[in-house]
Amino acid sequence: MTALPDASAAASRRAFLAGAAAAAAAPTALAVLGAAAPASASAATGCPPPGYAPVPPSALGPALNADGYFVGRITDTLYWVTDSFYQAMFLTTRDGVVLIDAPPTIGHNLLRAIEAITTANGMPGTVTHLVYSHSHADHIGASSLFGPDVIRIGQAENLRLLLRDDDPNRPPPTVTFEDRYVLEVGSEFLELAYHGPNVTPDNIFIHAPAHQTLMVVDILFPGWVPFKSLAIAQDIPGWIGAQQVAMSYPWTTLVGGHLGRLGTRADGLTQIQYIADLQASTRAAIASVDPTPFFQQYSPNAWAIFKAYLDAVSTQAAGPVTAKYTGVLAAADVYTFLNAAAILDSLRVDAGDLGPFSDHP
């Protein structure tokens, strides 16, 4: 069962994020009720925070309201919600609301956001359909808040995974599809598409063509480097390819599922270049790092040899990329080493680039 944060933790998180996001508050905010001062991480934990580079203001989203969320209009009937960690999207129609994802960190604030918007625009506020982007609990772990009668929609593999997980917070989808599904509700429609495994075996693309908006989760991270180990992707070649798939859609607004702001096409191109630079740097490091010292120091401990070698390659690969993107993409200095390590593992096992371990004695 996914545990929601207790009241004190949630209050601290809201205070910090409201203060941090205030510097980049969007002028089109619908629900900004005043930002609190940032909380001190070191005061809360008793430990000094790591010396990470400042977050570029361009990476931050709008300030949160007193309840710890922001809800904003994408177009006349399409909206997004964020708590600066996660995002959801919802479509208001004359026949009810279509919600895409239900992150537990937003939780009941999804209900508050939907009620505020539908009350203001005079549309029905009942969530009739809930689309699952993929099976991960951090994105759909509040699904149970919407009761048993909502129509839940996911890719066929999504059903298998959720039946396996047997999590009451993530009821399995009641409608599934293999490759394509058009969801039409109250004269509005969404195009759901599966392009193969990437971050998970079931992750889908949700396109709202009338609104020039694409929602694809855990693939593009506007303004930031990807989360650690390339978003913990289960299929790294598929994940890298999914970036290009996302850019092949005709959208102007991206809902990426994470962090505090929406994405632009320029954001997508910047991340693709970051990954290309990291791949090139990792290949160069594979070719140049000599494993001999690690054999000499750690033999006969095979795992120590490999760890030392892989860490050395990842460190060398990450160095120039971190330097290039610090100040351009938030957290370049936080996760580039782990992203390089993930690319290194994929180059070795998926692409056969084994470097000094490719000999055939």
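The values are calculated or read from the model by the stated rules, or taken from the named source; none is laboratory data. Given the structure is predicted, the values throughout are model-derived calculations rather than measurements. Every residue, glycine among them, receives a Cβ derived from its backbone with ideal geometry; neighbour counts consider all protein chains shown.
At-a-glance table
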{"item": "Test set (1) within 14 Å of LEU78 (Cα to Cα); (2) in a helix (DSSP H, G or I) - ASP138 fails condition number", "result": "(1)"}
{"item": "Matching residues, region 222-235, being buried (at least 22 other Cβ atoms within 10 Å of the Cβ) and either hydrophobic (A, V, I, L, M, F, W, C) or not assigned by TED's automatic domain parsing to the domain that holds ALA59 (or both)", "result": "TRP224, VAL225, LEU230, ALA231, ALA233"}
{"item": "Qualifying residues in region 79-133 (those that are among the hydrophobic types (A, V, I, L, M, F, W, C) and part of a loop (DSSP other than H, G, I, E, B)) - the one farthest from LEU190 (Cα to Cα)", "result": "PHE85"}
{"item": "Pairs where the first residue, in region 59-88, is on the phi > 0 side of the Ramachandran plot and the second is part of a strand (DSSP E or B), C-beta under 9 Å, 6+ apart", "result": "SER84/PHE70"}
{"item": "Hey, ALA331 in contact with a strand residue (DSSP E or B) (Cβ under 6 Å, 6 or more places away or on another chain), within 17 Å of TRP224 (Cα to Cα) and among the small types (Gly, Ala, Ser) or not", "result": "yes"}
{"item": "Top-ranked residue of region 249-258 - restricted to ones that are under 11 Å from the mean Cα position of the chain (by Cα) and in a strand (DSSP E or B), ranked as surrounded by the most Cβ atoms within 10 Å (Cβ to Cβ)", "result": "VAL255"}
{"item": "Restricting region 287-333 to residues that are of a type in the set (S, T, N, Q) and outside any helix (DSSP H, G or I), the residue that is nearest to PHE221 (Cα to Cα)", "result": "THR326"}
{"item": "Tally, over region 162-209, of residues that are out of contact with any Ser or Thr (no Cβ under 8 Å at 6 or more places or on another chain) and free of Cβ contacts under 8 Å to residues at least 40 places away in the same chain", "result": "18"}
{"item": "Failed item, numbered, when LYS307 is tested on (1) surrounded by fewer than 18 Cβ atoms within 10 Å (Cβ to Cβ); (2) touching a Ser or Thr at 6+ places or on another chain (Cβ under 8 Å); (3) farther than 25 Å from HIS258 by Cα", "result": "(2)"}
{"item": "Residue under evaluation TYR298, criteria (1) aromatic (Phe, Trp, Tyr); (2) surrounded by fewer than 17 Cβ atoms within 10 Å (Cβ to Cβ); (3) in contact (Cβ under 8 Å) with a residue 12 or more places away in the chain, criterion not met", "result": "(3)"}
{"item": "In region 141-163, the residues that are assigned to a strand (DSSP E or B) and touching a Gly at 6+ places or on another chain (Cβ under 9 Å)", "result": "none"}
{"item": "Candidate set from region 259-286 (those that are part of a helix (DSSP H, G or I) and polar (S, T, N, Q)); member that is surrounded by the fewest Cβ atoms within 10 Å (Cβ to Cβ)", "result": "GLN273"}
{"item": "Residue check, VAL98 within 17 Å of the chain's Cα centre (by Cα), within 24 Å of ALA246 (Cβ to Cβ) and among the β-branched types (Val, Ile, Thr)", "result": "no"}
